[in-house]
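The values are calculated or read from the model by the stated rules, or taken from the named source; none is laboratory data. Worth saying up front: this structure is predicted, and the values here are computed from it rather than measured. With ideal geometry, Cβ positions are generated from the backbone for all residues, glycine too; neighbour counts draw on all protein chains shown.
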Amino acid sequence: MALLHVLVLAIIQGLTEFLPVSSSAHLIFPSHLLGWPDQGLAFDVAVHFGTLLAVILYYMADLVKIGSYTIEAAIKFKITPIARIGLCIIIATIPVCIGGIFLESVVESIRENIHVIAWTTIGFGLLLGFASYANRKMIWRNISPNQGARADSLRQLTYVQALFIGMAQVIAVIPGTSRSGITLTAGLFLGMKPEAAARFSFLLSIPVILASALFELIKIYKTPELSVDWMSIILGSFLSFIVALIVIHLFLKYIAKSGMALFVIYRVLLGAVLLWMF
């Protein structure tokens, strides 16, 4: 792969993996406008691995705590609030694993359909905006159905809420939806504060990205003739790691003060540009 190809795709992956803006919508531009060839499965795995390392490093302390409490709960059969977060992550991951298996053929048929990506970018962007508006009304009027879920902490998150977010995440297999965008939307509809919804979305991304990377590795293993450009893989992984780490930190700070309006406007404009150009 050309150096510019590696840099652009790695930066796009690092920027869009955790922002609610859809990575598939952005990856259309370099491939269609510049005529770049497909980067290949190995590179996809590398940049996903970089973003996975970023979210793990950022939440390392939380992950260790949640993991230890969840294991302890499984041994002692005593569920603590922190252990419940771990169980909620597991529950929310199950739907997308099942959905990914059964919807794989459908997704492959529309994976590069520009019009599908454009309309889902616009539609789910507007849905995010509506969820953000409804969420603010809940907080201002103090009529949220779950006071604990509105707190920055996730300790009061219920299993039903986690399942709802997990089921919403299944929709993210449709290109243009955005995994982080749809999980944030679901969390906001439940009355969670944006920071808490984003935090759960980031934690939930760990098993999802890991499962996706393993699935792609299996494909690579079944294609032994596939050539691997190790320099591109290492550089792409490192760059996506650095960019994703910065994005996570800045995104959490931004939404705590400014909400989702900027991302909603951006998604609508991006979808409109895609429809106009293609």
Q. In contact (Cβ under 8 Å) with a residue 24 or more places away in the chain, hydroxyl-bearing (Ser, Thr, Tyr) and over 28 Å from ILE98 (Cα atoms), is that true of SER212?
A. no
Q.
Just to be sure before I move on: is PHE18 crowded, with 20+ Cβ neighbours inside 10 Å and either closer than 30 Å to LEU126 by Cβ or touching a residue at least 24 places away in the same chain (Cβ under 8 Å) (or both) in the structure I sent?
A. yes
(Q) Tell me whether the stretch 31-51 contains one or more residues that are without any contact (Cβ under 8 Å) to a residue 24 or more places away in the chain, under 26 Å from MET167 (Cα atoms) and surrounded by 15 or more Cβ atoms within 10 Å (Cβ to Cβ). (A) no
Q: Of the conditions (1) out of contact with any helix residue (DSSP H, G or I) (no Cβ under 8 Å at 6 or more places or on another chain); (2) part of a loop (DSSP other than H, G, I, E, B), PHE130 clears all except one; give me its number.
A: (2)
Q: For GLU216, work out the one condition from (1) farther than 21 Å from GLY40 by Cβ; (2) in contact with a helix residue (DSSP H, G or I) (Cβ under 6 Å, 6 or more places away or on another chain); (3) surrounded by fewer than 21 Cβ atoms within 10 Å (Cβ to Cβ) it doesn't fulfil.
A: (1)
Q: Scan (1) closer than 30 Å to GLU195 by Cβ; (2) among the small types (Gly, Ala, Ser); (3) surrounded by 13 or more Cβ atoms within 10 Å (Cβ to Cβ) for the single condition ALA61 breaks and write down its number.
A: (3)
Q) Any chance the stretch 115-129 includes a residue that's modelled with pLDDT under 95 and over 26 Å from ILE255 (Cβ atoms)? A) yes
Q) Mind checking which residues of the stretch 219-261 are in contact with a helix residue (DSSP H, G or I) (Cβ under 6 Å, 6 or more places away or on another chain) and small (Gly, Ala, Ser)? A) SER232, GLY236, SER237, SER240, ALA244, ALA256, GLY259
Q. Does THR158 satisfy the criteria of being out of contact with any strand residue (DSSP E or B) (no Cβ under 6 Å at 6 or more places or on another chain) and either basic (Lys, Arg) or modelled with pLDDT of 95 or more (or both)?
A. no
Q | Residues located in the stretch 73-89, provided they are assigned to a helix (DSSP H, G or I) and surrounded by 14 or more Cβ atoms within 10 Å (Cβ to Cβ) | A | ALA73, ILE82, ALA83, ARG84, ILE85, GLY86, LEU87, CYS88, ILE89
